[in-house]
1. Inspect all residues belonging to region 88-95 and state whether any of them is modelled with pLDDT of 95 or more, over 26 Å from Pro41 (Cβ atoms) and touching a helix residue (DSSP H, G or I) at 6+ places or on another chain (Cβ under 9 Å).
2. Tell me, which strands (runs of 3 or more DSSP E) wholly within region 126-221 include 2 or more residues that are free of Cβ contacts under 8 Å to residues at least 40 places away in the same chain, in contact with a strand residue (DSSP E or B) (Cβ under 7 Å, 6 or more places away or on another chain) and under 22 Å from Ser43 (Cα atoms)?
3. Search region 47-73 for residues being out of contact with any Phe, Trp or Tyr (no Cβ under 8 Å at 6 or more places or on another chain), in a helix (DSSP H, G or I) and closer than 22 Å to Arg101 by Cα, and hand back the single one that is least open to solvent (accessible area, probe 1.4 Å).
4. In the list Arg141, Arg160, which residue meets the criterion of being open to solvent by 40 Å² or more (accessible area, probe 1.4 Å) and at pLDDT 95 or above?
5. Can you tell which of Glu80, Glu76, Glu95, Glu114 is assigned to a loop (DSSP other than H, G, I, E, B), among the acidic types (Asp, Glu) and open to solvent by 70 Å² or more (accessible area, probe 1.4 Å)?
6. Restricting the first residue to region 81-95 and requiring it to be without any contact (Cβ under 8 Å) to a residue 40 or more places away in the chain and hydroxyl-bearing (Ser, Thr, Tyr), which pairs with a second residue that is open to solvent by 10 Å² or more (accessible area, probe 1.4 Å) and not in a helix (DSSP H, G or I) meet a Cβ separation below 8 Å and a spacing of at least six or different chains?
7. Out of curiosity, is Leu123 open to solvent by 10 Å² or more (accessible area, probe 1.4 Å) and in contact (Cβ under 8 Å) with a residue 24 or more places away in the chain?
Amino acid sequence: MDETACPLWIKICGIRSIQDAEMVSQFQPAAIGLNFYQKSPRSVTRELAREIILKISDPIERVGVFVDQTPKEIAEIANELLLTHVQLHGDYQPEDLDPLRDHSLIWVYRLGNEGISPLLSQLDSLLRNQISITACLIDARVPGLYGGSGKTVDWASLARDYDQEKLPKLILAGGLVPENIAEAISIVHPWGVDVASGVEQDDQKNPQLVEQFLKNAVSAI
């Protein structure tokens, strides 16, 4: 992940049209997210993803978002589209991730009332299976959803419990909008942030919201 342009890694997720790709690219976030989960309202096909990627200028990174697709299929898509990172949602077992060993992995954990204890167990299991994780994305747990719920996590608890010196880089997600992103960063001090619905209006990425989100996030560093 490129850390030279800005000390905060910012990802605009759920890009699903060439128009949104061109617009978001103008603001130069660290990364964009392409959702390959067919049940998501922000899902894209491989063909559309390929067209979108052509509109994304370097050095913007390309993150593929996957939910319970097989590691083999994920690796095929990542290789075909030259994805920078693979973001894993769902119930993946470390012993099944061999096809993804050569890819940069973002491990997603949906934070609930039980805190991060299950995440620590998952990370231990990944380490035992020699699966390297680039970063952990923490989102709010909402039954039936794999993200994009608009619900925030308990920032103070996360800041207290997640040891950023010992654990993988922390990417904060969940209910982030231009109005609260500065507060979230000031409390959690994450390595990166991720936004999808928080910069949308009428189900489309809104240039004013994207610009304001980026400005407010950078100002909080």
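1. No, the conditions are met nowhere in region 88-95.
2. 135-140
3. It comes out as Glu73.
4. Residue meeting the stated conditions: Arg160.
5. Glu114 is the lone residue from the list that is assigned to a loop (DSSP other than H, G, I, E, B), among the acidic types (Asp, Glu) and open to solvent by 70 Å² or more (accessible area, probe 1.4 Å).
6. Pairs that qualify, where the first residue is without any contact (Cβ under 8 Å) to a residue 40 or more places away in the chain and hydroxyl-bearing (Ser, Thr, Tyr) and the partner is open to solvent by 10 Å² or more (accessible area, probe 1.4 Å) and not in a helix (DSSP H, G or I), are Tyr92/Asp68.
7. yes
The values are calculated or read from the model by the stated rules, or taken from the named source; none is laboratory data. The shown structure was predicted, so the numbers you read here are calculated from the model rather than taken from an experiment. Please note: Cβ atoms are built from the backbone with ideal geometry, for glycine as well, and neighbour counts cover all protein chains shown. Just the protein is used for accessible areas: all its heavy atoms, side chains included, with ligands, DNA and RNA removed. Shrake-Rupley method; radii C 1.70, N 1.55, O 1.52, S 1.80 Å.
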